[in-house]
1. Between F9 and H159, what is the label-point separation in nm under the 7 Å Cα-to-beta-carbon projection?
2. Compute the FRET efficiency between Q172 and Y27 as 1/(1 + (r/R0)^6), taking r as their Cβ-Cβ distance and R0 = 51 Å, and round to the nearest 0.05.
3. Modelled label-to-label distance, F97 and H211, 7 Å Cα→beta-carbon offset: nm?
4. Can you tell me how much longer the chain between V83 and T221 gets when fully stretched, taken as 0.36 nm per residue apart minus their C-alpha distance, in nm with one decimal?
5. Would you work out if segment 1-99 is rounded, prolate or oblate? Take a ≥ b ≥ c from the square roots of the eigenvalues of the alpha-carbon gyration tensor; rounded if a/c is under 1.5, else prolate when a/b is larger than b/c, oblate otherwise.
6. Just subtract the alpha-carbon distance of S90 and Y108 from 0.36 nm times their residue separation and send over the number in nm, one decimal.
7. What is the list of residues in segment 186-207 whose amide nitrogen lies under 14 Å from a point 7 angstrom out from the Cα of D179, following Cα to Cβ?
Amino acid sequence: MNTLLWVVFPYICLTIFVVGHFWRYKYDKFGWTTRSSQLYEDRLLRWGSPMFHFGILFVVMGHIMGLLVPKSWTDAVGLSQEVYHFLAVSVGLLAGFLTLAGIAILIYRRRTTGPVFSATTPMDKVMYVFLVVVILLGLANTLGWHAPGINNLGGPAEHYNYREGVSIWYRQFLTFHPDADLMAAAPLGFQLHTLVACLLFALWPFTRLVHVFSAPLGYLTRPYIVYRSRDVRTGRGVGNRAPARGWERV
């Protein structure tokens with residue numbers, strides 16, 4: 001069972017993530033978009049979108065720091081466990097609550113603005129559910145992991161150091177040698193967070209989240225497109241005669 005949950009299932013989700021993006025880009029290039037709804041409503045969007053995007057950016061940076069950087073590296077540069085915990089709880093909670101507030105505003109906007117709600121697809125609704133659940137589980141784990149004598153399920157327990165369990169499993173997963181026992185020994189909150197995150201990654205290629213991998217790099221090398229040329233001194237266009245006034249065009 002442990003092998004199925006912490007080896008087979010994550011790799012199935014990773015395969016869907018990779019192959020799904022390839023399929024989506026090949027057969028649905030015109031659908032590779034966020035389907036912007038700014039024209040329908042922008043007051044709430046101006047608040048919710050930056051809060052969510054900046055919050056999730058710091059969340060990702062925190063996961064990179066916590067999962068990819070071994071404890072021995074931070075110890076080597078003189079970052080004590082106490083300082084690391086303080087940074088993780090302060091920055092992690094701030095980023096988590098900022099992300100949660102941002103997505104709450106976006107969901108409220110989508111639900112209460114008629115045209116925006118009409119443009120909402122079933123996959124959008126599924127995506128929002130998984131995003132909210134992942135964020136809530138991450139916040140619960142952060143609060144539970146750092147609260148003295150409290151585990152991530154809210155009851156008294158010994159302190160669990162995810163950097164000596166979950167983080168090692170994640171790095172092993174990326175090198176295709178995961179130890180299922182490391183995740184099996186993690187508290188339930190960390191396990192649920194990981195499983196829901198895997199499902200979110202499996203859904204990713206089939207939602208608007210694909211825009212994360214969109215970058216308009218072509219604009220940097222694209223030649224200029226000249227629609228009209230005008231002589232600033234004479235006011236004449238590219239032809240031999242000055243452009244006619246609007247009421248002269250019959």
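Derivation of every value follows stated rules applied to the coordinates shown; laboratory data play no part. Just so you know, these numbers come straight off a predicted model, no measurement behind them. Heads up, the Cβs are rebuilt from the backbone with ideal geometry, glycines too, and the neighbour counts pull from every protein chain shown.
1. Rounded to a tenth, the inter-label distance reads 3.0 nm.
2. It comes out at approximately 0.90.
3. That separation, rounded to one decimal, is 2.8 nm.
4. Fully extending the segment from V83 to T221 adds 45.2 nm.
5. It is oblate, given that a/c is not under 1.5 and a/b is not larger than b/c.
6. Result for the pair: 3.8 nm of gain on full extension.
7. So the set is 186.
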